[in-house]
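To start, the structure itself, in structure tokens.
What follows draws every value from the coordinates through simple rules; no lab data is involved. Remember, predicted model here, so these are calculated numbers, not experimental data. Ideal geometry is used to build each Cβ from the backbone, glycine not excepted, and the neighbour counts take in all protein chains shown.
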């Protein structure tokens, strides 16, 4: 890859946090006409974590703060070392101010600038890419990147097609400056979008276009809706294409890859992508069975799990691959 900077960036710490409450498929079957076998067969999900409404320890920013402290500890850093926070979420504590502002205060990271990124399920890789660019440009040395969601607050628990999918959680990574030639670094990022598919995954009301009214609440217009079959078709091709692009642009082959970390949206999508790439599921990191789709949190929480249990080791080549509402897409290639 052509040298474009004196610096590169690398991930030096990871952390993840989930709410205490576990909601099983059997519990969901008490809310809508479904059952464990139906959900498991179509999604690969057995259970998900649900934040307790009103619990100050399970807000988006509170879970992110705990995940951030874990990541900082692994990296050997403190909040004072952080000079930028990039926070990916589509379910912030409040629309104004930003989730990153709350997090900065909770951590006491007074030296950090803050920003939020909303690319839905693709958000973490958009945030990671933003952090990487700041580091490569020589502007920042230590960046905290968050992917966190409390999707349960936007789920329509009477909609069988969507309520079975989503869960809550928060993941964090620390990004630090390193030498451009350091083998352990982020090699490249690849981001894309196709706005013609904005209606496939959408929360219609709650923004300036359609404020929340009593009528909107009655019709659940402020909740997530999705067109699952259409999403499946677009997601499989796009995830495969972006994973291939990440490898090809750095001169790697699929056989060079140690771990593939796809967005945990649906196990059937993940299996179809692995098959399309001719890549083994045994080297594809998956935890959707236990957590469901946590949107921007799926990649950082899966990464943290695999780092902490020893599956990801120094020198391993990784590709992280996502799609989300918008539709947005992205992949990142790095060596641990």
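Worth a mention:
- DSSP-defined antiparallel bridges as percent of all bridges, region 186-335, nearest 5: 75 percent
- Put in order of Cβ neighbour count within 10 Å, fewest first, the listed residues 189, 8, 24 become 24, 189, 8.
- Of all beta bridges that DSSP places with both ends in region 7-179, some 70 percent have antiparallel geometry.
- Between residue 38 and residue 287, the distance separating the two model label sites (each 7 Å from Cα on the Cα→Cβ line) works out to 2.9 nm.
- With neighbours defined as other Cβ atoms within 10 Å of a residue's Cβ, the residues 284, 78 order from fewest to most as 78, 284.
- The Cα atoms of the chain define a convex hull whose projected area, averaged across directions, is 16.1 nm².
- Packing rank of 176-186, 209-219, 122-132, 257-267, where each peptide gets the mean count of other beta carbons within 10 Å, highest leading: 122-132, 257-267, 176-186, 209-219
- Distance between the 7 Å Cα→Cβ label points at residue 181 and residue 220: 5.9 nm.
- Label-zone membership for region 312-336, site residue 196, 7 angstrom Cα→C-beta point, backbone N under 14 Å: 327
- If you plug the beta carbon distance of residue 158 and residue 55 into 1/(1 + (r/R0)^6) with R0 = 25 Å, you get a FRET efficiency near 0.60.
- Pair residue 275, residue 95: separation of 7 Å Cα→Cβ label points (nm): 4.2 nm
- Relative contact order (%) - the chain, alpha-carbon pairs under 8 angstrom, separation at least six: 25 percent
- The GNM of the chain, with springs linking C-alpha atoms under 10 angstrom apart, assigns the highest mean-square fluctuation among 192, 326, 206 to 206.
- Separation between Cα centres of region 204-252 and region 38-79, rounded to whole Å: 21 Å
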